[in-house]
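Data block below; observations after.
The values are calculated or read from the model by the stated rules, or taken from the named source; none is laboratory data. It should be emphasised that the depicted structure is a prediction, and the values quoted were computed from it without experimental measurement. Methodologically, a virtual Cβ is constructed for each residue, glycine included, from the backbone with ideal geometry; neighbour enumeration extends over all protein chains shown.
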There are 2 protein chains.
Amino acid sequence: MPNSSPDLNRVFRALADSTRRTVLERLSHGPATVGELAKAFEMALPSFLQHIDVLEEAGLTTSEKQGRVRICSIAPAALDVGEGWMRSLRGLWHRRADALEAYLEQFKNPEGESP
Amino acid sequence: MPNSSPDLNRVFRALADSTRRTVLERLSHGPATVGELAKAFEMALPSFLQHIDVLEEAGLTTSEKQGRVRICSIAPAALDVGEGWMRSLRGLWHRRADALEAYLEQFKNPEGESP
DNA sequence: TGAACTGTTAGGCATAGACCTAAGTTACAA
DNA sequence: TTGTAACTTAGGTCTATGCCTAACAGTTCA
C-alpha cells in the first residue's frame, strides 16, 4: 500500500472539489471540449480552465488540441490508484474489525496484557 | 451518483494528505491513542491534532475520550462513500469506452452528425 | 486579410490549509 | 496537593487554492 506518493495527494485533491467531480461525471459519458464543459458552470473561463488543469495534472483526464478546440477525456487509470488505496485500506480494516473491542477492554480491564 | 454533497469534498480532502493517509493505515490495524499515532510523525502535537480533526470531521475516524487519553478508531463508512463514487464513475466510463473514438471522428469527418 | 471564435496567460485578491510556539486544562500518581 | 502526562486552545506565519478581470494567442471563415 504505497502511501507517500504525491500522486495520491494529487488524485484525492483533484476529487475534493465538486466542480471537478462534475466534470469527471460529464466526461465519463464521453469526451468534450473545454467550452462544452465550461457551459455547465457559471464561473469565468480562466477559473474553469484551472480546474481542467488540476484534473489533468492528477492524471484523471487527458486532452488533445484539435485546431482551436481542446478535447478532454477521462483517464480512469489514476482513479484506479485512488480506489485501490481505499479498497486495500478497507480490506485491512475488515480483517481487524474486532480489534476495537479488544483494545477498549484494556482500558476497562487493566489486568489484561500491557499495551 | 450524488456529487454536490459537501461530504465527498471533506472525505477526498482528508485523503489528500499523506500524514492523514498514514494515520488511517495505522488505524486500520486497530485503534490507537493520539499520542501513539503522533509518535510516527515529527510535527508538533497541535499540528498533528489538526490532522486528526480533519479525519474526524470527514467521518473517516471516530474518537472517544478515556480519562486523559483519546482513542481514535477508523470509521470506514465514509470511505465507502468515496469509494462508491469512484466505482460508479468508472462503471459509467467502461460502458462508454468507445465514445472517444466516435467523438474524435466528428472532428476528422465533419460530415457526420453535428455535435 | 481581418473579424470572430476558442482558448490561454498574467496578475490580483480573499480564504483556507498546514505548520509553528506558548499557554492552558484535565486526569492520574506520588 | 503537587507534579507530570496527555491533550487542547490561542494566535501567528507562510503557502496554496479558487476566484476574478484584462489582455494575448492561434484558428477558422467570410
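Looking only at the range A:65-72, decide whether some residue is surrounded by fewer than 19 Cβ atoms within 10 Å (Cβ to Cβ) and at pLDDT below 90. Within the range A:65-72, not a single residue is surrounded by fewer than 19 Cβ atoms within 10 Å (Cβ to Cβ) and at pLDDT below 90. Checked against (1) in a helix (DSSP H, G or I); (2) modelled with pLDDT of 90 or more, B:R90 meets all criteria but (2). On the basis of being closer than 30 Å to B:Q66 by Cβ, modelled with pLDDT under 90 and assigned to a loop (DSSP other than H, G, I, E, B), does A:A97 make the cut? Spelling it out, A:A97 is indeed closer than 30 Å to B:Q66 by Cβ, modelled with pLDDT under 90 and assigned to a loop (DSSP other than H, G, I, E, B). Contact map, the range A:68-80: first residue more than 7 Å from chain B (Cβ to nearest Cβ), second residue away from DNA strand C (no atom under 16 Å from the Cβ) and modelled with pLDDT under 95, Cβ cut-off under 7 Å, separation 6 or more or different chains; the map is empty. A:L79 passes every criterion in (1) away from DNA strand D (no atom under 14 Å from the Cβ); (2) at pLDDT 95 or above; (3) buried (at least 17 other Cβ atoms within 10 Å of the Cβ) apart from (2). Among the helices (runs of 4 or more DSSP H) confined to the range A:1-64, the ones with at least 1 residues that are under 19 Å from the mean Cα position of the chain (by Cα), away from every other protein chain (no Cβ under 12 Å) and of a type in the set (D, E) are located at A:45-57. If only residues of the range A:49-64 that are free of Cβ contacts under 8 Å to residues at least 40 places away in the same chain and within 7 Å of DNA strand D (Cβ to nearest atom) are counted, the one that is surrounded by the fewest Cβ atoms within 10 Å (Cβ to Cβ) is A:Q50.
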